[in-house]
Amino acid sequence: MTQSNIERLLEKGVFVVTSECGPPKGADAEAVRKKGSLLKGVVDAVNVTDNQTSVVRMSSFASCLILKEMGFDPILQMVCRDRNRIALQSDILGAAALGINNILCLSGDHQSFGDHPGGKNVFDIDSMQLINTVRTMRDEGRLIGGEELKGRPNLFIGAAENPFADPFEIRAMRLGKKVKAGCQFLQTQCIYNLEKFGKWMEMVRERGLHEKCAILAGVTPLKSAGMARYMKTSVPGMDVPEELIDRLKGVPKEKQAEEGVKICVEMIQQLKEIPGVRGVHIMAIEWEEKVAEIAEAAGLSPRPEA
């Protein structure tokens, strides 16, 4: 079976770099291509979000195909919020048939956070069950209802995890359940508290999970002290140390974005030294033009040919 680019690179022991593309709130394919052009040659694969924050956008599926035409190795994000198990399995088969070889299985934000708060959610299955669904279809060649498939979907299975959510003590155990379900690579929530992340990685290594699942550490550059404060106080599960906010406040407002990029680069360099971390996932939310700068400054450029 054909391997995706990141699966192949991870097998070779390459420290991989992924990033993210949020589709537009419309049918303008050029908006996807513009974001893609900023990431060309900079990353090994690109996540395409699935109506993130429950806001209606161009589908992840369609956006993945546009990026694939540009030569990218797209990672299809799929949430359980909007589709039942019939539609999810149908889309999995469709994506694989069109040469999309990576999938990130997510539960999805509740619709009350988005632009259609009155919409009905589905949540027929959760992210853990979705991981197992993809694995069953790929490895066993059957649907979860038991019917045999005529053509297995070739997909590298990923998931997300927040190492900082409470209760902290069960976070590595939760990852273990995802690995048992079939997760092969993991992208973490944004990391700002390196000490706590290091403790989580210790628990991951104690269970040998880093050998069964490639851990990609998530980083997001901060544009300002205000953004850092908002993430600390208003984004659930986010751990932003006070000293990091003070560092941003210690430079003039017009220099805070530059300082945020420096912090992100330093974070990546330290993450590279943590045993078990196999790559980074750079989430420069609507700031894709900074990804190349961050990757180069962190010593992650150029990337191997896809």
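Rule-based calculations on the coordinates, nothing more; no lab input. Being a predicted model, the structure only gives us computed values, none of them experimental. Cβ placement follows ideal geometry from the backbone for every residue including glycine, while neighbour counts extend to all protein chains displayed.
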- Message: With a 10 Å cut-off between alpha carbons and a GNM built on the chain, which of ASP91, ASP28, ASP109 moves the most?
- Response: ASP28
- Calc'd 3J(HN,Hα), the stretch 206-219, phi into Karplus 6.51 cos²θ - 1.76 cosθ + 1.60 (θ = phi - 60°), Hz, glycine/Pro = x, comes to 4, 8, x, 6, 5, 8, 9, 9, 7, 8, 10, 7, x, 9
- Item | Simple spin-label estimate for ALA87 and LYS180 in nanometres, 7 Å along Cα-Cβ | 3.1
- Distant-in-sequence amide H partners of ILE100 (H built 1.01 Å from N, under 5 Å): none
- For the chain, built as a Gaussian network whose Cα springs stay under 10 Å, the top-fluctuating residue of ALA29, ALA45, ALA295: ALA29
- Query: Could you give the nm distance between label points at ALA165 and LEU194, where each point is 7 Å from its Cα heading toward the beta carbon?
  - Reply: 2.6
- Note on the structure: If unit charges are put on Cβ atoms (+1 for Lys and Arg, -1 for Asp and Glu) and the dipole of the stretch 170-306 is taken about its Cα centre, the option from ASN193, LEU209, PRO221 lying farthest towards the positive end turns out to be LEU209
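Relative contact order, percent, of the chain when contacts are C-alpha pairs under 8 Å separated by at least 6 residues?
19
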- Enumerate the calculated ³J(HN,Hα) couplings along the stretch 159-167 in order (Karplus 6.51 cos²θ - 1.76 cosθ + 1.60, θ = phi - 60°), each rounded to whole Hz, writing x wherever the residue is Gly or Pro. 8, 10, 8, 10, x, 9, 5, 8, x
